[in-house]
Amino acid sequence: MGSTGTVLRELRGAQKTAKGVSLYSRYVNRPAGRFFAAGAYRLGMTPNQVTLISAAFTFAAIASVAFVRPSWGLAVAVYAGLAVGFALDSADGQLARLTGRGGPDGEWLDHVVDCAKMILVHTAVLIAFQRFFALPSEGWLLLPLGFLFTAVLTFCAGLLREQLGRAAVRPAAGAAGPGPVSRVRAVALLPADYGVFCLVFLLLGDPTAFRIGYAVLGVVHALFLMAFLAKWFRELKALRTAD
């Protein structure tokens, strides 16, 4: 693999399935991550190094939310940092599949960074609400805590669903691969996509607009959580009865 174009073609062939993935991740984040992965490959970087760079962009943006007074300039900077960090989060896995250098340590590091990101971003919003926002009432301080609970529970429950399902199912020889990709489902999943969540920070220049947009996303994510929990429970129960 010499040229960047060749690397990009190899990366396109090493993509995860698009099933269960929103349109943003499929058409924006994964392609952006592919370019970062190609650049990292050309520089001789490891997947874990890409993960750490992703964390640096993400955590710098999150810290800015907590400690810098909201403005339109901050809004653009925070969104850019979160979006680049998210694309690099895709790049590390793509680089691992391309080079065959992935492993349990890399997967563990990736999940640790993801979990820290989910905890810190809502904690930063809570701090910003307290420091910089003229809130209608102190009850608004409960919103980031509720969003934090929703995000962490979704992450942990989804991860457990994946791991328990993987342990319970042993693919048979010649078994069919993933089913067809549903565009309707890909559109429906957009509100739950982290990349779409990052867009709300473009509203930081207007504290009222940001507060309302953040609240709407919080409610939407809570509704998705309830739907996901019911779905995952049914799927795991079906695996038990299948045995």
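The values are calculated or read from the model by the stated rules, or taken from the named source; none is laboratory data. Being a predicted model, the structure only gives us computed values, none of them experimental. Heads up, the Cβs are rebuilt from the backbone with ideal geometry, glycines too, and the neighbour counts pull from every protein chain shown. Accessible surface areas use protein heavy atoms only, side chains included; no ligands, DNA or RNA. Shrake-Rupley method; radii C 1.70, N 1.55, O 1.52, S 1.80 Å.
Helix 47-67: angle to the longest alpha-carbon principal axis of the chain, degrees 0 to 90, nearest 10?
10 degrees
Given the DSSP H assignment, sum -39500 (n - 2.57) over each helix run of at least 4 residues in the chain and divide by its residue total; what's the result at 222 nm in deg cm²/dmol, nearest 500?
Numbers: 9 runs with 175 residues, N = 243.
It comes out at -24500 deg cm²/dmol, rounded to the nearest 500.
Could you grab the relative contact order for the range 108-166? Cα pairs under 8 Å, six or more apart, rounded to a whole percent. Don't jump to the answer; show the numbers that get you there.
Numbers: 21 pairs, mean separation 23.8, N = 59.
Rounded, it is 40 percent for the range 108-166.
Assuming R0 = 41 Å, what is the FRET efficiency of Arg240 and Ala60, from their Cβ-Cβ distance, to the nearest 0.05? Show your work: numbers first, answer last.
Details: r = 44 Å, r/R0 = 1.08.
That gives a FRET efficiency of 0.40.
Given 10 Å bins starting at zero, what is the percent of C-alpha pairs of the chain in each, up to the one with the largest pair distance?
7, 27, 34, 23, 8, 1, 0
If you fit an axis through the alpha-carbon atoms of helix 72-99 and take the longest principal axis of the Cα set of the chain, what angle between them do you get, 0 to 90°, nearest 10?
10 degrees
Ignoring ligands and nucleic acids, what accessible area does Cys156 show with a 1.4 Å probe (Å², nearest 10)?
Using a 1.4 Å probe on the heavy atoms, I get roughly 60 Å².
Based only on Cα atoms, what Rg/Rh ratio does the range 81-176 have, Rh being taken as Kirkwood's radius?
On the way: Rg = 18.4 Å, Rh = 16.3 Å.
Ratio of gyration radius to Kirkwood radius for the range 81-176: 1.13.
If you roll a 1.4 Å probe over the chain with all protein chains in place, what percent of the accessible area is carbon or sulfur?
Details: 8640 of 12810 Å².
Heavy-atom surface of the chain belonging to carbon and sulfur, 1.4 Å probe: 67 percent.
Per residue, how much accessible area does the range 25-110 have with a 1.4 Å probe, in Å²?
Per-residue value: 46 Å².
What is the angle, in °, between the Cα long axis of helix 104-132 and the longest principal axis of the Cα atoms in the chain? Nearest 10 is fine, range 0 to 90.
On a 0 to 90 degree scale, this one is about 10.
Taking only Cα atoms and a 10 Å spring cutoff, compute GNM fluctuations for the chain and point out the largest among Ala75, Ala188, Ala61.
Among Ala75, Ala188, Ala61, the largest GNM mean-square fluctuation belongs to Ala188.
So what is the relative contact order for the chain, in percent, with contacts set as C-alpha pairs under 8 Å and at least six apart? Write out the running numbers ahead of the final one.
On the way: 255 pairs, mean separation 69.0, N = 243.
Once normalised by length, the contact order is 28 percent.
Roughly how many Å² of Arg34 are accessible to a 1.4 Å probe, to the nearest 10?
40 Å²
At a Förster radius of 41 Å, what calculated FRET efficiency corresponds to the Cβ-Cβ distance of Leu160 and Asp206, to the nearest 0.05? Could the numbers behind the result be given before it?
On the way: r = 38 Å, r/R0 = 0.94.
Efficiency for this residue pair is about 0.60.
Pop a pseudo-label 7 angstrom from the Cα along the beta-carbon direction at both Trp72 and Leu229 and give the gap in nm to one decimal.
4.1 nm
Largest first, what is the accessible-area ranking of Tyr214, Tyr27 with a 1.4 Å probe? Provide the component values of the computation, followed by the final result.
Numbers: Tyr214 0, Tyr27 115 Å².
The ranking, largest first, comes out as Tyr27, Tyr214.
Using a 1.4 Å probe on the protein heavy atoms only, what accessible surface does Arg101 show? Give it in Å² to the nearest 10.
140 Å²
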